[in-house]
Amino acid sequence: MRTASVERKTGETKINGKGESNISSPLKFLNHMLESFSKHSGFDLRVDAEGDVEVEDHHLVEDLGICIGEALDKALGDKYGIERIAHSLVPMDDSIATVAVDLSGRPYSLVNIKFSEFKDAKLGDVSKENIPHFFESLALNGKLNLYIRVEGVNDHHRVEACFKALGRALRDASRISGEDIPSTKGVI
């Protein structure tokens with residue numbers, strides 16, 4: 001079993017994460033999205049987070065992306081035997097999300113959620129512009145290539161479909177399927 005524990009403490013936030021499915025932060029919408037991510041990825045996820053959300057949710061959303069990305073990268077180690085590349089297409093009622101990942105060790109993200117179409121500035125207690133920032137922070141610190149695209153009408157469904165699709169794509173990409181490093185270079 002692959003596991004990792006990452007702690008990050010800054011002037012704005014304090015986050016501990018490791019191995020069990022228990023998510024607690026003052027951002028209830030993000031908690032819900034991380035529960036969906038955990039369920040669909042098959043990753044146990046324990047998050048105990050505090051942050052200066054009375055200022056804004058940006059710091060906590062960013063640091064959660066950083067920590068989850070770091071934990072993923074740490075848990076995968078040298079990536080020996082993993083599938084490495086995967087994608088997922090997830091419908092949720094009126095919405096559909098496409099996510100593709102490459103656990104290449106080369107971080108990049110292209111997140112196309114079209115927030116200009118969102119009805120409100122926030123989804124629950126999370127500012128809409130911080131959703132792609134979460135995904136970007138996760139990709140950069142998880143050292144993965146991430147592509148996300150979503151279509152739909154209901155803002156909640158659009159974002160939740162993205163988290164579910166990310167979970168499923170990462171589940172498949174991190175699955176052990178071979179007996180070597182999945183790279184012509186011999187290292188990721």
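Any read-out appearing in this document is the output of simple, stated calculations on the displayed coordinates, not a laboratory observation. Keep in mind it's a predicted model, so treat the numbers as computed, not measured. When we count neighbours, we look across all protein chains shown, and the Cβ atoms used for this are built from the backbone with ideal geometry, even at glycine.
What list of ³J(HN,Hα) values in whole Hz, one per residue of region 135-143 in order, does the Karplus curve 6.51 cos²θ - 1.76 cosθ + 1.60 (θ = phi - 60°) give from phi, with Gly and Pro shown as x?
Each residue's phi maps through the Karplus curve to give 4, 5, 5, 4, 5, 5, 8, x, 6 Hz.
Using the Kirkwood formula on the Cα atoms of the chain, what hydrodynamic radius do you get, in angstrom to one decimal?
Details: mean 1/r = 0.0608 Å⁻¹.
Taking every pair of different Cα atoms in the chain, averaging 1/r and inverting gives 16.4 Å.
Say R0 is 30 Å: what FRET efficiency, to the nearest 0.05, do residue 35 and residue 56 get from their beta-carbon distance? Spell out each step's value before the answer.
Details: r = 23 Å, r/R0 = 0.76.
My answer for the efficiency is 0.85.
Which entries of 119/143; 143/185; 28/114; 74/122; 119/164; 122/164 have Cα-Cα distances beyond 25 Å here?
Where the Cα-Cα span goes over 25 Å, the pairs concerned are 119/143; 74/122.
Check each of the trypsin sites (Lys or Arg not before Pro) in region 107-188 and keep only those in coil by DSSP with at most 14 other C-beta atoms within 10 angstrom; list them in order.
Numbers: sites: 114, 119, 122, 128, 143, 149, 158, 164, 168, 171, 175, 185; in loops: 114, 119, 128, 143, 175, 185.
Within region 107-188, the qualifying trypsin sites (Lys or Arg not before Pro) (loop, at most 14 other Cβ atoms within 10 Å) are 114, 119, 175, 185.
Give me the one-decimal nm value for the distance between modelled label points at residue 175 and residue 89, 7 Å along each residue's Cα-to-Cβ direction.
Simple spin-label model gives 1.7 nm for this pair.
Below 14 angstrom from the Cβ of residue 161, what's the summed charge of the other residues (Lys, Arg +1; Asp, Glu -1)?
Numbers: positive: 39, 114, 149, 158, 164, 168; negative: 93, 94, 151, 155, 160.
Local net charge: +1.
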